[in-house]
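Student: Structure provided below as structure tokens; questions to follow.
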Amino acid sequence: MSKNVSSDGRYTHGHPASTLASHATRSAASSAAYLLPLLRRGMRLLDVGCGPGTITLDLAEAVAPGQVVGIEPVETPLSASRAAASERGDAITQFEVADVMDLPYDDDSFDVVHAHQVLQHLTDPVGALREMRRVCRPGGWIAARDADYAAMSWHPDVPELSEWRALYRAVARANGAEPDAARRLRSWALAAELPEPRVSGSLWVYSDEATCRWWGESQADRYAGEVFAAQAAEQGASADDLARIAQGWRRWGSTPDATFLMPHGELLVQLPG
Ligand SMILES: C[S@@+](CC[C@H](N)C(=O)[O-])C[C@H]1O[C@@H](n2cnc3c(N)ncnc32)[C@H](O)[C@@H]1O
């Protein structure tokens with residue numbers, strides 16, 4: 001199994017340092033604010049596709065002393081998650097290798113089953129939601145937040161960023177995934193026969209010099225890196241194309257009045273009690 005493959009297919013970003021570092025800047029406040037008001041002390045929570053675990057560990061603080069489990073289909077990101085847990089003095093949260101398509105947990109074993117930016121990477125998001133439901137107890141919550149690449153927007157209009165978006169969406173779709181996931185969350189939930197799905201939305205907004213510089217550099221490193229390059233080559237993108245796109249990201253990130261908007265959909269389902 002290569003480092004970015006699960007039973008469900010290839011995970012487009014893989015787990016290079018540039019991607020893990022970017023994911024590790026996330027918090028429950030930035031990425032799961034729609035879920036936080038529902039959390040109660042003592043709840044047992046599963047975080048599917050937890051990556052480097054910063055969101056997971058915030059959720060663990062919110063439900064402490066409840067047990068939180070973060071899962072990833074491969075070991076690679078979990079060393080970062082475990083290191084983050086020990087830095088915070090969290091000896092309770094567990095990080096385990098497991099695949100959302102075939103969870104190694106009994107039926108009804110969690111109060112909350114959460115996934116942040118995971119469904120958008122799967123070939124079978126409906127099957128994933130069914131499996132998330134199986135392990136969620138009656139009365140419990142299923143929560144998923146996903147981005148929508150076609151709806152992302154930015155200023156200034158750097159043409160290489162449009163090239164990046166077209167290439168990313170082609171690569172993700174070649175992997176069988178759906179990059180414009182936010183708008184499909186309700187449809188996926190209905191197909192998975194989840195009761196009364198509610199969808200809300202929120203934006204990540206990058207709009208100050210330091211944040212835009214960081215995002216531009218981070219995106220440049222990620223998309224010029226070997227994990228993406230190999231998949232982009234299958235879509236006909238050359239090393240020159242990727243170098244140009246990376247330069248475009250850096251140019252955008254160093255523009256003093258830059259802004260990047262990333263919309264997300266947020267799915268919440270409460271199972272009948
Ligand atoms: C964009 S990252 C999000 C990581 C984390 N939730 C966050 O927001 O920082 C998507 C994660 O889903 C994981 N993933 C991909 N396929 C999966 C599967 N079949 N089961 C569980 N996780 C999966 C990837 O390995 C990756 O870490």
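The values are calculated or read from the model by the stated rules, or taken from the named source; none is laboratory data. Here the structure is a predicted model, which means the values were calculated and not measured. No Cβ is skipped: glycine too gets one built from the backbone with ideal geometry, and neighbour counts run over all protein chains shown. Only protein heavy atoms, including side chains, enter the accessible area calculation; ligands, DNA and RNA are left aside. Shrake-Rupley method; radii C 1.70, N 1.55, O 1.52, S 1.80 Å.
Student: For the stretch 56-78, enumerate the residues that are farther than 19 Å from TRP204 by Cβ, of a type outside the set (A, V, I, L, M) and either in a helix (DSSP H, G or I) or more than 7 Å from the ligand (Cβ to nearest atom) (or both). Steps first, answer last, please.
Tutor: Start the filter on the stretch 56-78 by keeping residues that are farther than 19 Å from TRP204 by Cβ, which leaves 57, 60-78.
Adding the requirement that they be of a type outside the set (A, V, I, L, M) leaves 61, 65-67, 70, 72-73, 75-77.
Hits for the stretch 56-78 are GLU61, PRO65, GLY66, GLN67, GLY70, GLU75, THR76.
Student: A follow-up question, please. Restricting the stretch 21-55 to residues that are more than 8 Å from the ligand (Cβ to nearest atom), surrounded by 19 or more Cβ atoms within 10 Å (Cβ to Cβ) and assigned to a helix (DSSP H, G or I), which is modelled with the highest pLDDT?
Tutor: If we take residues in the stretch 21-55 being more than 8 Å from the ligand (Cβ to nearest atom), surrounded by 19 or more Cβ atoms within 10 Å (Cβ to Cβ) and assigned to a helix (DSSP H, G or I), then ALA28 is modelled with the highest pLDDT.
Student: Out of (1) more than 16 Å from the ligand (Cβ to nearest atom); (2) part of a strand (DSSP E or B); (3) open to solvent by 40 Å² or more (accessible area, probe 1.4 Å), the odd one out for LEU203 is which?
Tutor: (1)
Student: Across the stretch 94-128, what is the number of residues that are open to solvent by less than 50 Å² (accessible area, probe 1.4 Å) and not hydrophobic (A, V, I, L, M, F, W, C)?
Tutor: 11
Student: Here's a check for you: in the stretch 84-93, which residue that is within 15 Å of the ligand (Cβ to nearest atom) and over 18 Å from the mean Cα position of the chain (by Cα) is surrounded by the most Cβ atoms within 10 Å (Cβ to Cβ)? Working first, answer last.
Tutor: To start, the set of residues in the stretch 84-93 that are within 15 Å of the ligand (Cβ to nearest atom) comprises 84-85, 93.
Narrowing the set further to residues that are over 18 Å from the mean Cα position of the chain (by Cα) leaves 85, 93.
Details: ALA85: 21, THR93: 26.
The residue in question is THR93.
Student: Considering every residue within the stretch 2-11, establish whether at least one is open to solvent by 40 Å² or more (accessible area, probe 1.4 Å), within 13 Å of the ligand (Cβ to nearest atom) and over 19 Å from the mean Cα position of the chain (by Cα).
Tutor: Of the stretch 2-11, the ones open to solvent by 40 Å² or more (accessible area, probe 1.4 Å) are 2-3, 5, 7, 10-11.
Within this subset, residues satisfying the condition of being within 13 Å of the ligand (Cβ to nearest atom) are 2-3, 5, 7, 10-11.
When the remaining residues are screened for being over 19 Å from the mean Cα position of the chain (by Cα), the result is 2.
Within the stretch 2-11, one or more residues are open to solvent by 40 Å² or more (accessible area, probe 1.4 Å), within 13 Å of the ligand (Cβ to nearest atom) and over 19 Å from the mean Cα position of the chain (by Cα).
Student: Cβ-Cβ under 7 Å, sequence separation 6+ or interchain: first residue in the stretch 63-81 and within 12 Å of CYS50 (Cβ to Cβ), partner among the aromatic types (Phe, Trp, Tyr). Which pairs?
Tutor: From residues that are within 12 Å of CYS50 (Cβ to Cβ), the pairs are GLY70/PHE95; LEU78/PHE95; SER81/PHE95.
Student: Being touching a residue at least 60 places away in the same chain (Cβ under 8 Å) and open to solvent by less than 80 Å² (accessible area, probe 1.4 Å) is the filter here; which residues of the stretch 220-234 pass it?
Tutor: The initial filter retains those residues of the stretch 220-234 that are touching a residue at least 60 places away in the same chain (Cβ under 8 Å), namely 221-222, 225-228, 231-232, 234.
Passing the criteria: ASP221, ARG222, GLY225, VAL227, PHE228, GLN231, ALA232.
Student: Select from the stretch 129-176 the residues that are of a type in the set (Gly, Ala, Ser) and open to solvent by less than 10 Å² (accessible area, probe 1.4 Å) and list them in ascending order. Full working, then the answer.
Tutor: The first filter runs over the stretch 129-176 and keeps only residues of a type in the set (Gly, Ala, Ser), leaving 139-140, 143-144, 147, 150-151, 153, 162, 166, 170, 172, 174, 176.
Within the stretch 129-176, GLY140, ALA143, ALA144, ALA147, ALA172 qualify.
Student: Which residue out of LEU57, LEU35 is in contact (Cβ under 8 Å) with a residue 40 or more places away in the chain and either in contact with a helix residue (DSSP H, G or I) (Cβ under 8 Å, 6 or more places away or on another chain) or over 16 Å from CYS136 (Cβ atoms) (or both)?
Tutor: LEU35
Student: Report, by residue number, each residue of the stretch 222-235 that is over 17 Å from ARG26 (Cβ atoms) and in a helix (DSSP H, G or I). Spell out the reasoning first.
Tutor: Taking the stretch 222-235 first, the residues over 17 Å from ARG26 (Cβ atoms) are 223-235.
Once the filter is applied, which keeps residues that are over 17 Å from ARG26 (Cβ atoms) and in a helix (DSSP H, G or I), the stretch 222-235 yields TYR223, ALA224, GLU226, VAL227, PHE228, ALA229, ALA230, GLN231, ALA232, ALA233, GLU234.
Student: Consider the stretch 130-148. How many of its residues are within 12 Å of the ligand (Cβ to nearest atom) and part of a helix (DSSP H, G or I)? It would help to see each step written out before you state the result.
Tutor: First, the residues of the stretch 130-148 that are within 12 Å of the ligand (Cβ to nearest atom): 131-132, 143-147.
Those still in the list that are part of a helix (DSSP H, G or I) too: 131-132.
Total meeting the criteria: 2.
Student: Further question: Residue check: is ALA192 more than 20 Å from TYR34 (Cα to Cα), in contact (Cβ under 8 Å) with a residue 40 or more places away in the chain, of a type in the set (Gly, Ala, Ser) and crowded, with 18+ Cβ neighbours inside 10 Å? Explain how you work it out, then say what you get.
Tutor: Working: more than 20 Å from TYR34 (Cα to Cα): yes; in contact (Cβ under 8 Å) with a residue 40 or more places away in the chain: yes; of a type in the set (Gly, Ala, Ser): yes; crowded, with 18+ Cβ neighbours inside 10 Å: yes.
So ALA192 passes the test.
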